[in-house]
Amino acid sequence: MNKKDSWLFWWTLYLNAAAWIILGIFSLIRLEADYLLVVGVCLTLSLANIVGFTKCNKDSLRNVIIPVLRNFITYL
């Protein structure tokens with residue numbers, strides 16, 4: 001994945017959660033409990049995506065890149 005694709009992916013995740021927060025504020029101002037419930041569920045799922053992909057990204061860095069760098073260094 002190149003840098004532009006990665007940037008687009010991560011910003012889309014964060015902007016999605018920000019959009020749900022804004023919609024939640026509007027639902028709270030208008031006192032629409034049914035929409036607030038939907039926004040709460042969607043925001044929870046968006047945050048779960050952010051947490052999951054962040055952990056996956058950290059694990060991929062630790063499990064793939066570091067061993068490759070170690071092998072490269074040992075061959076030098």
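The values are calculated or read from the model by the stated rules, or taken from the named source; none is laboratory data. These figures come from a predicted structure and were not determined experimentally. Neighbour counts run over all protein chains shown; Cβ positions are idealised from the backbone, glycine included.
Residue-wise test of (1) in contact with a strand residue (DSSP E or B) (Cβ under 8 Å, 6 or more places away or on another chain); (2) polar (S, T, N, Q); (3) modelled with pLDDT under 90.
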residue	(1), (2), (3)
Ala19	no, no, no
Ile22	no, no, no
Arg30	no, no, yes
Asp34	no, no, yes
Val41	no, no, no
Asn49	no, yes, yes
Gly52	no, no, yes
Lys58	no, no, yes
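Quick check on my filter: what residues within segment 22-39 are surrounded by 13 or more Cβ atoms within 10 Å (Cβ to Cβ) and either under 30 Å from Lys58 (Cβ atoms) or in contact with a Cys (Cβ under 8 Å, 6 or more places away or on another chain) (or both)? Within segment 22-39, Leu23, Gly24, Val39 qualify.
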